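Reviewing the structure listed below.
The values are calculated or read from the model by the stated rules, or taken from the named source; none is laboratory data. Quantities reported herein were computed from a predicted structural model and do not represent experimental measurements. Neighbour counts are summed over all protein chains in view; Cβ atoms, including those assigned to glycine, are modelled from backbone coordinates with ideal geometry.
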């Protein structure tokens, strides 16, 4: 998934991400090139330092894995955490 | 990014005199002001905007730590102050427990990536139990400073 909001995954988006993750039973991990973290821990997701344009690999394992990925993709790429893209770029 | 790159060592308060959340935030912003980090005449404005941000959603992430922060146009580069409270402060934390270590982070408005890098550093360490314990036990500016420098040298502390 690619980060599309200008400010990236700062604390408020990280909280939204963790809220969505925690609705699912599946184990969810998120990684960038350097780090792999627990998608249900606010401290760990805040640690990804995922700025605009960063590509994150999100993996879900469990009974509702597909639903979890769909919901997270919606939050990250469609709703863009309810935040605007960088100036001059639309969606 | 290393702690030494953004933590203002002159704004480390080993025992906060404030007992409430807003008082602690103001005390830490004032420490950065005295250290000359936020320009003249901005102290009250910045403290108020940190409190406003905190009212939107608590940065008390649980486990006795809070990271109040804001992006503000008066801030030129990322800078942090650290305060400790042995009695604990009510930060309306996610786990409803008191906060003993506070890392206040101020970032410029126009450089979101720099803010994220500082956050990464702070959380990389705060999520480790050993680091939280050492931080909470540090009783002097020197002890906090030594811990931060050691953490810069050993990323897994």
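Before we move on, is residue B:83 more than 14 Å from chain A (Cβ to nearest Cβ), part of a strand (DSSP E or B) and at positive phi? Step through it out loud before you land on a result.
Numbers: more than 14 Å from chain A (Cβ to nearest Cβ): yes; part of a strand (DSSP E or B): yes; at positive phi: no.
For residue B:83, the condition - more than 14 Å from chain A (Cβ to nearest Cβ), part of a strand (DSSP E or B) and at positive phi - is not met.
At least 1 residues that are within 24 Å of residue B:64 (Cβ to Cβ) in each: list the strands (runs of 3 or more DSSP E) lying fully within the stretch A:1-67 that qualify.
Working: elements: A:27-31, A:36-38, A:57-61.
Counting at least 1 such residues, we get A:36-38.
Of the residues in the stretch B:106-157, how many are outside any helix (DSSP H, G or I) and either within 14 Å of chain A (Cβ to nearest Cβ) or within 17 Å of residue B:86 (Cα to Cα) (or both)?
Our first condition is that a residue be outside any helix (DSSP H, G or I); within the stretch B:106-157, this holds for B:106-111, B:127-128, B:138-140, B:154-157.
The next check asks that each one be either within 14 Å of chain A (Cβ to nearest Cβ) or within 17 Å of residue B:86 (Cα to Cα) (or both); those that pass are B:106-111, B:127-128, B:138-140, B:155-156.
Adding up the residues that qualify gives 13.
Okay, residues lined up against (1) in contact with a helix residue (DSSP H, G or I) (Cβ under 8 Å, 6 or more places away or on another chain); (2) at the interface with chain B (Cβ under 10 Å from one of its Cβ atoms); (3) crowded, with 20+ Cβ neighbours inside 10 Å:
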| position | (1), (2), (3) |
| --- | --- |
| A:6 | yes, yes, no |
| A:14 | yes, yes, yes |
| A:22 | no, no, no |
| A:31 | no, no, no |
| A:34 | no, yes, no |
| A:38 | yes, yes, no |
| A:45 | yes, yes, yes |
| A:48 | yes, yes, yes |
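Consider the stretch B:103-125. How many of its residues are in contact with a helix residue (DSSP H, G or I) (Cβ under 6 Å, 6 or more places away or on another chain) and closer than 15 Å to residue B:152 by Cα?
4
Being within 13 Å of chain A (Cβ to nearest Cβ), within 9 Å of residue B:105 (Cβ to Cβ) and assigned to a strand (DSSP E or B) is the filter here, so list the residues in the stretch B:49-80 that pass it.
B:69, B:70 - these are the residues of the stretch B:49-80 that are within 13 Å of chain A (Cβ to nearest Cβ), within 9 Å of residue B:105 (Cβ to Cβ) and assigned to a strand (DSSP E or B).
Against the condition modelled with pLDDT under 95 and either in contact with a strand residue (DSSP E or B) (Cβ under 7 Å, 6 or more places away or on another chain) or crowded, with 20+ Cβ neighbours inside 10 Å (or both), how does residue B:61 come out, does it pass?
Details: modelled with pLDDT under 95: yes; either in contact with a strand residue (DSSP E or B) (Cβ under 7 Å, 6 or more places away or on another chain) or crowded, with 20+ Cβ neighbours inside 10 Å (or both): yes.
In short, yes.
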